[in-house]
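Peer 1: This is the structure I have questions about; it appears just below.
What follows draws every value from the coordinates through simple rules; no lab data is involved. This one's a predicted model, so the numbers in the text were calculated from it and none came from an experiment. Cβ sites come from the backbone with ideal geometry, for glycine too, and all protein chains shown count toward neighbours.
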Amino acid sequence: MDLKEILTVFNKEDLLGKEGIHVNLAERFPDAITISTRTGTGLDELKEAVEKIIRSGRNTASYLLPPDRYDLAAYIHRTGTIISEEHLHEGTRITANLPHEAVGRLKKFRVVGDS
């Protein structure tokens, strides 16, 4: 079973105003992030938390795929986060953040000395 990390976020932090509500939320949801899109409070913390989740269990690398391996390009698009993609004469160069299992499948196409 593929377990997903849960990130609990409470918006409208600027409207809570009452200390009791903050304490209650902090007790019930100690890992939650409170934000206010109006004032910007907590947005940096939220961004860091989301980036951490995206990076966990993943690797960033560049791959040069032969022109006839569109199946691998599609696989990378389905399973990863594309950072850059360039169509060259010798093939398609894709830099992507991929899960570990995808890295193994693509290792012979990895560009050595990159990322």
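Peer 1: Hey, got the dipole for the chain? About the Cα centre, +1 on K and R Cβ, -1 on D and E Cβ, debye to the nearest 20? Spell out each step's value before the answer.
Peer 2: Values: 16 positive and 18 negative charges, 62 e Å.
The calculation lands at about 300 debye.
Peer 1: Treating only the Cα positions of the chain as identical point scatterers, give the base-10 log of I(q)/I(0) from the Debye formula at each q in 0.10, 0.12, 0.14 Å⁻¹.
Peer 2: Result of the Debye calculation: -0.48, -0.60, -0.70.
Peer 1: Just to confirm the number: angle between the C-alpha axis of helix 43-55 and the first principal axis of the chain, 0 to 90 degrees, nearest 10?
Peer 2: With both axes taken from Cα atoms, the answer is about 40 degrees.
Peer 1: Another question, if that's okay. Counting helices only, and only those DSSP H runs with n ≥ 4, report the 222 nm mean residue ellipticity of the chain as the sum of -39,500 (n - 2.57) divided by its residues, in deg cm²/dmol to the nearest 500.
Peer 2: Numbers: 5 runs with 44 residues, N = 115.
After summing the helix terms and dividing by the residues of the chain, the value is -10500 deg cm²/dmol.
Peer 1: Can you give the angle from 0 to 90° between the axis of helix 70-79 and the longest principal axis of the chain, with both taken from C-alpha atoms, to the nearest 10?
Peer 2: So the inclination is approximately 10 degrees.
Peer 1: Please report the projected area of the stretch 57-109's Cα convex hull averaged over all directions, in nm². Walk me through the numbers on the way to the answer.
Peer 2: On the way: hull surface 12.5 nm².
Mean projected area of the Cα convex hull: 3.1 nm².
Peer 1: Another question about this same structure. Using a/c under 1.5 as the rounded threshold, could you call the stretch 32-88 rounded, prolate or oblate? The axes a ≥ b ≥ c are square roots of the C-alpha gyration tensor eigenvalues, and prolate needs a/b larger than b/c, oblate otherwise. Don't jump to the answer; show the numbers that get you there.
Peer 2: Details: a/c = 3.89, a/b = 2.99, b/c = 1.30.
Since a/c reaches 1.5 and a/b is larger than b/c, the shape of the stretch 32-88 is classed as prolate.
Peer 1: Also, quick follow-up: So if R0 is 30 Å, what FRET efficiency would ARG28 and SER84 give, r being the distance between their Cβ atoms, rounded to the nearest 0.05? Walk me through the intermediate numbers first.
Peer 2: Working: r = 42 Å, r/R0 = 1.40.
After rounding to 0.05, the efficiency reads 0.10.
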